[in-house]
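What follows is calculated from the coordinates using simple rules that are stated; it is not laboratory data. It should be emphasised that the depicted structure is a prediction, and the values quoted were computed from it without experimental measurement. Note that we place each Cβ from the backbone using ideal geometry, even for glycine, and neighbour counts take in every protein chain shown.
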Amino acid sequence: MSNKLGVRSAIYAVLIIVSLVYLVPTFSNKLPEWWLKFLPKEKIKLGLDLQGGMQLILEVDTIKAIEAEIETAVEDIKDELRNEKIRYLDLKRNGSTGIELTLIKDEDITSFENLMNSNYPDYVIEHGDRTEKGRAIRMVMQQSAIDNMMKMATDQALETIRNRIDQFGVNEPYITTQADNRVLIQLPGLKDPDRAIKLIGKTAQLEFKLVDEANNVNDALAGKMPAGDEVLYEIAFDPQTGKSEKIPYLLKKRSSLTGKYITDAGVKLDSQYGEPYVSLTFDRRGARIFEKITGENIQKRLAIVLDDSVYSAPVILDRITGGKAVIENIGSTDEARDLAIVLRAGALPAPVKILEQRLVGPSLGQDSIEQGINAMILGGALVVLFMIVYYGLSGFIAVFALVLNTILIAAGLAGFGATLTLPGLAGIILSIGMAVDANVLIYERIREELRIGKTLRGAVETGYERATITIFDSNLTTLITAVILFQFGTGPVKGFAVTLTIGIIANFITAVYVTRVIFDYLVINLNWKKISI
Amino acid sequence: MQIIKPGINIDFLGKRYYAFALSAICIIIGMVALAVNGGLNLGVDFSGGYAIQIKLPSAHDISEIREAVTPINLHEGDIQTIGGKDTAEYTIRVSQSENINADTLNEDLLRVLTAKFGEGSTIESLDMVGPKVGKDLRNKALAAIFYSILLISVYISGRFEQKWIMSIIMAVCFIIVVLIGISFGASMTWLILIAFITTLVFCWVLRLRYAMSAILSLIHDTLIVTGAFAITNKEITLTVVAAILTLIGYSLNDTIVTFDRIREHLRNIPGKKDLAEIANRSVNETLSRTILTSGTVFAVIVALFYLGGVVIHDFAFAMLIGTITGVYSTIFVAAPFLLLWKDNPVKTGKKG
């Protein structure tokens with residue numbers, strides 16, 4: 001018996017030492033070299049609600065990504081049909097996932113189908129009625145292609161956002177996709193949330209569009225929009241009046257060049273006025289396109305458009321070789337820096353919308369930790385006081401188990417890499433209150449057994465035996481709810497579920513098994529006949 | 001030291017009708033408050049909108065704060081002070097609106113506050129939950145409540161009655177009924193009501209009386225805590241739902257201990273058994289532990305309630321009410337409900 005007791009003591013001693021080892025990194029600022037090499041170095045991670053920071057959930061407008069894809073396909077198909085000399089009318093996007101057109105000659109149907117099937121396998125071709133203009137045809141994107149494209153758009157959005165955040169500089173950001181088209185972003189310790197939101201949320205679709213100087217913008221605004229044109233605005237901010245003004249531009253709808261050819265972007269300062277501007281470098285293909293456009297349109301104006309708003313529309317003075325361009329009229333240096341970041345990181349495949357934003361200031365997080373710890377100290381003190389007053393030495397043993405329990409919870413958090421949130425802290429406090437329940441159940445049972453005249457040794461044995469089943473059972477129901485909360489909870493609540501779960505398991509080990517070792521040692525090895533209980 | 005003397009024998013069950021009346025009154029007051037307030041005060045997690053906590057360099061009237069935030073369209077919100085008179089912390093709650101510029105809200109708010117109240121004004125926290133996410137979170141909370149009821153019902157009926165197959169059949173029926181409810185587009189409240197009623201009907205039909213009594217006492221506790229939130233018009237947040245679910249799991253502990261004792265006696269006492277007498281004796285015998293175990297939890301929750309800070313306050317409030325009703329319902333609801341069946345004495349579960 002005493003031999004087995006030795007084994008049991010050794011097991012729990014090892015468990016406690018391992019737990020303490022896991023806790024060292026959290027409570028030590030500087031660990032020695034050899035420690036870092038061989039022993040755990042993970043600190044307990046604090047949730048955003050405790051360390052401050054921002055969490056965003058973004059929704060990627062994946063339909064827009066598909067529409068953009070179809071718009072590109074429409075332009076490409078136009079070129080291909082022209083090359084093959086297939087005559088068509090009214091080729092345009094139909095709804096969000098289809099293309100419609102009219103083929104003038106029925107003889108062209110076969111060659112049209114062959115061309116489409118080999119170049120656009122994602123589309124199903126549907127034949128409509130023959131009208132006086134020709135044969136109506138619809139091309140509908142297959143569902144599998146749509147799903148695939150939506151998923152890719154979300155993944156690409158995530159990558160782009162990750163790039164932007166990395167370049168913006170945030171410590172340990174956490175970015176992941178959620179559901180089908182959502183991106184969850186956690187930025188701990190963030191100082192400037194609005195700037196981060198602007199940086200993350202900007203689509204950053206950069207386009208260069210020629211200004212239509214053959215037509216008048218006012219006519220277009222009055223309703224006579226020339227074919228293939230659109231009106232976009234420049235927001236001009238007058239620092240003297242403090243008012244902003246919208247200047248309309250009549251532009252060719254088709255963009256001559258887009259931001260996808262950008263290889264680098266950086267902030268420079270204007271040598272004359274010290275105003276910031278962003279310089280762009282295109283890759284070889286982009287440089288060739290840029291050279292061609294500028295060469296063909298000398299003395300015309302080329303508008304620089306970002307997310308459908310015009311930054312500037314300089315006159316092309318000469319053919320530009322070498323693939324460099326600048327964006328002026330930006331504003332502050334911070335804005336220029338952020339613009340350079342988004343241009344370098346690339347455009348989002350589709351616009352994003354903020355579905356949820358949670359911001360916790362650093363002082364609130366600090367206050368929460370302090371208040372939580374105060375509550376823990378007071379709550380713990382009340383429990384300790386009660387147990388010792390009510391059960392004497394046995395109460396003291398329970399308190400020892402309680403301390404071990406708290407150590408195990410903290411070590412569990414560090415060891416499993418779980419995140420401690422404010423409700424999680426509440427969960428630990430709650431665990432402290434619940435932990436002694438097990439001891440109360442055991443002690444009350446032992447008292448009953450002693451009352452009916454059993455010896456201390458017999459009473460301890462029966463008491464533990466009977467109470468263990470009950471403790472297991474009653475903890476199981478709490479465990480069920482903790483697991484469900486973990487499954488369905490978000491962020492902070494999940495943290496609560498984690499600490500509660502670890503707390504219940506740790507409690508079972510310490511309150512039932514560790515105290516049993518101590519009692520067995522006292523009543524068997526030391527042969528105590530009486531104990532204050 | 002002892003609080004409850006070993007030989008104690010209070011006639012709890014004899015007073016059960018007074019207890020039922022008291023419970024009924026408490027629940028009715030809660031439900032009336034619920035009706036008067038037009039439902040529960042759902043927090044920003046579930047209803048969507050903005051919840052902002054600000055700190056000012058010195059205390060000010062709510063009307064001054066309202067005036068300050070008028071230019072950025074937060075003035076229609078519900079503005080409250082937190083805590084005592086000395087603290088200058090306030091919450092602003094406002095529903096989603098076209099007029100509020102979400103992208104620059106943090107910056108804008110800080111600007112107007114600093115302009116009016118001076119440097120040192122800070123935004124402690126800002127939560128924006130869009131309608132879609134609000135709906136998602138509602139559904140998640142619903143799912144959590146639903147699965148808790150499901151699993152706990154299955155566990156209770158299996159555990160108390162040793163009829164695991166029956167309890168699984170019950171679970172299946174339960175899911176079918178709820179799926180039908182979902183297909184008819186039943187709302188969150190209705191689904192949970194349906195879930196509860198189904199469970200009770202099956203317990204009744206299958207004669208799972210321990211399970212039914214335990215579940216009734218859980219419903220009792222949940223109604224009282226919900227009622228307390230209705231009366232005080234406190235917000236139901238995700239954390240509060242977590243607290244209520246934890247309570248459901250925790251308050252069952254005492255009931256399990258007491259019911260175990262009742263069955264132990266039913267097994268060990270030969271001859272004719274008077275269930276009322278046995279139940280009352282069991283409640284008395286376990287009274288000490290029921291009160292002590294809940295007492296220690298109660299102590300830490302009181303500490304949490306007074307020292308834990310604003311964010312955790314409502315969580316602690318729910319737990320506080322819940323631990324009290326948990327003890328009460330074990331003694332005055334769960335055990336007495338066992339006596340409601342006419343064909344006493346009940347057979348023990350073990351014998352089948």
Classified through the alpha carbon gyration tensor (a ≥ b ≥ c as square roots of its eigenvalues; rounded if a/c is under 1.5, else prolate when a/b is larger than b/c, else oblate), segment B:170-229 comes out oblate
The exposure ranking of B:55, A:191, fewest beta-carbon neighbours within 10 Å first, is A:191, B:55
Partner shielding of A:347-357, taken as the mean number of other chain Cβ atoms within 10 Å, equals 4
Note on segment A:35-76: alpha-carbon gyration tensor, axes a ≥ b ≥ c; rule is a/c under 1.5 for rounded, else prolate if a/b larger than b/c, else oblate; result oblate
Packing-ranked peptide list from B:172-179, B:219-226, highest mean Cβ count within 10 angstrom first, is B:219-226, B:172-179
Taking alpha-carbon centroids only, segment B:264-328 lies from segment A:199-256 a number of Å equal to 70 Å
Extend 7 Å from the Cα of residue A:319 along its Cα-to-C-beta direction; within segment A:275-308, residues with backbone N under 14 Å of that point are A:288-299
With the 8 Å Cα cutoff and a minimum separation of six or more residues, chain A has a relative contact order in percent of 18 percent
Magnitude of the Cβ-charge dipole (Lys and Arg +1, Asp and Glu -1) of segment A:207-331 about the Cα centre, nearest 20 debye, reported as 480 debye
Note on segment A:207-331: alpha-carbon gyration tensor, axes a ≥ b ≥ c; rule is a/c under 1.5 for rounded, else prolate if a/b larger than b/c, else oblate; result oblate
Diffing segment A:37-46: the Karplus 3J(HN,Hα) column from phi (6.51, -1.76, 1.60, θ = phi - 60°), in whole Hz with x for Gly and Pro, holds 6, 10, 10, x, 10, 7, 8, 5, 7, 9
In debye to the nearest 20, the charge dipole size for segment B:49-129, taken about the Cα centre with +1 at each Lys and Arg Cβ and -1 at each Asp and Glu Cβ, equals 140 debye
Quick calc, the protein assembly as shown, dipole around Cα centre from Cβ unit charges on Lys, Arg (+) and Asp, Glu (-), nearest 20 debye, gives 4260 debye
Cα gyration tensor of segment B:88-160 diagonalised, 5x eigenvalues square-rooted, in angstrom largest first, produces semi-axes 43, 16, 7
Descending packing, highest mean Cβ count within 10 Å first, for A:431-440, A:259-268, A:486-495 is A:431-440, A:486-495, A:259-268
Length-normalised contact order of segment B:235-345, Cα under 8 Å, at least 6 apart, in percent, tallies to 42 percent
Taking Cα pairs closer than 8 Å and at least 6 residues apart, the relative contact order of segment B:151-217 in percent is 38 percent
Mean Cβ-within-10 Å packing, highest first, puts peptides A:218-227, A:167-176, A:27-36 in the order A:167-176, A:218-227, A:27-36
Calculated from DSSP helices alone, with each H run of at least 4 adding -39500 (n - 2.57) and the total divided by the residues of chain A, [θ]222 nm to the nearest 500 comes to -17500 deg cm²/dmol
Cα gyration tensor of segment A:101-234 diagonalised, 5x eigenvalues square-rooted, in angstrom largest first, produces semi-axes 42, 27, 11
Partner shielding of A:468-478, taken as the mean number of other chain Cβ atoms within 10 Å, equals 6
Taking alpha-carbon centroids only, segment A:426-440 lies from segment A:67-137 a number of Å equal to 70 Å
Inter-chain shielding metric for A:189-198, i.e. average beta-carbon neighbours from other chains within 10 angstrom, reads 3
Too long for a 31 Å Cα-Cα cut-off, among A:191/A:253; A:151/A:243; A:43/B:132; A:260/A:353; A:85/A:209, are A:191/A:253; A:151/A:243; A:43/B:132
Distance in Å, no decimals, from the C-alpha centre of segment B:93-114 to the one of segment A:149-180 is 26 Å
Ranked from fewest to most other Cβ atoms within 10 Å of their own Cβ, A:301, A:516 fall in the order A:301, A:516
Diffing segment A:411-427: the Karplus 3J(HN,Hα) column from phi (6.51, -1.76, 1.60, θ = phi - 60°), in whole Hz with x for Gly and Pro, holds 5, x, 4, 5, x, 8, x, 6, 9, 8, 10, 5, x, x, 4, 4, x
